[in-house]
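The structure appears right after this line, and notes come after that.
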Amino acid sequence: MVDRLVNSEANARRIGLVEGCFGSAGQPLAVPGRVLVGEGVLTKACRKKLKPRQFFLFNDLLVYGSIIINKKKYNTQHIIPLEEVKLKSLEDDGQFKNGWQICTRGKSFKVYAATATEKQEWMAHINKCMEDLLKKSGKKASDDHAAVWVPDSEANTCMHCKKVQFTLVNRRHHCRKCGVVCCNTCSSKRFLLPAQSSKPLRVCMSCYDELAMQSTGGSSSFDKDAKATDSSGEEDSDDEEANGNIEAKQSSFYGSVEQASTS
């Protein structure tokens, strides 16, 4: 199916529409051999609350962005190479249904589909694209993935010291290594996590001690007392509000899972 779509006018038109919706805020997506396999709106667990995001599955990438005008304009484009992805299904928990984790080396998060069938379709298509891509490239699946952040709403007190209560003054901070919510004191250290950033990132005291022990090359780290800026820009930008009404429409996939081959 993908071989037939590679040079098809329909595939070129679909990818062109995606590029047009991101405009100058996005990177070019039309490259030789790339096929748009599916697209749709999923609910992403952001730092403060659940928010709709437009997702596009290509045969080598997973792309998503914030919805400004439904089906017309998106921004804050995120591009994830499928070679880095690992999926983990989530059990239904109250209002949180039809969810799974998308884990990558640089960032991991939870998403939720509108129905169980839609969840199954997304996971099956992503896994098939990943399987075919790895088979074609001869590479092994990545086993190093970033932690999923604990939502702000699930932590009223520091998860490290269990003492400091969060207020407007005592802000929440996330450990970039394990994802727990900490107070400023318990996350005052920084450590270089190359998979996530070229700069040292905020980590909790437990992770800092563990990383420092594992490090044999003197990885760079420094203390929060040095007034270093927070390195959460990418995650914070993903928390922007979407404008307009989000149309509740089932995701579209261009071919069955069995047909979605990248060979």
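Could you tell me which of the residues Arg176, Arg190, Arg171 is in a strand (DSSP E or B), modelled with pLDDT of 90 or more and either in contact with a Phe, Trp or Tyr (Cβ under 7 Å, 6 or more places away or on another chain) or not aromatic (Phe, Trp, Tyr) (or both)?
Arg190
In this structure, is His125 part of a helix (DSSP H, G or I), in contact (Cβ under 8 Å) with a residue 40 or more places away in the chain and buried (at least 16 other Cβ atoms within 10 Å of the Cβ)?
Here the answer is yes, as His125 does meet what is asked.
With respect to Arg53, determine if the residue is open to solvent by 20 Å² or more (accessible area, probe 1.4 Å) and within 18 Å of Ser251 (Cβ to Cβ).
For Arg53, the condition - open to solvent by 20 Å² or more (accessible area, probe 1.4 Å) and within 18 Å of Ser251 (Cβ to Cβ) - is not met.
Of the residues that make up region 48-71, is at least one free of Cβ contacts under 8 Å to residues at least 60 places away in the same chain, aliphatic (A, V, I, L, M) and under 27 Å from Arg172 (Cβ atoms)?
The answer is no, given that none of the residues of region 48-71 is free of Cβ contacts under 8 Å to residues at least 60 places away in the same chain, aliphatic (A, V, I, L, M) and under 27 Å from Arg172 (Cβ atoms).
Residue-wise test of (1) assigned to a helix (DSSP H, G or I); (2) under 15 Å from Cys46 (Cβ atoms); (3) of a type in the set (A, V, I, L, M).
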residue	(1), (2), (3)
Asn75	no, yes, no
Lys88	no, no, no
Trp100	no, no, no
Arg105	no, no, no
Val111	no, yes, yes
Ala114	no, no, yes
Glu118	yes, no, no
Asp143	no, no, no
Val150	no, yes, yes
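The values are calculated or read from the model by the stated rules, or taken from the named source; none is laboratory data. Just so it is clear, the structure is predicted and the values come from calculations on it, not from any experiment. All Cβ positions, even for glycine, are placed from backbone atoms using ideal geometry, and neighbour counts span all protein chains on display. Each accessible area value is taken on the protein alone, full model and side chains, heavy atoms only, with ligands, DNA and RNA left out. Shrake-Rupley method; radii C 1.70, N 1.55, O 1.52, S 1.80 Å.
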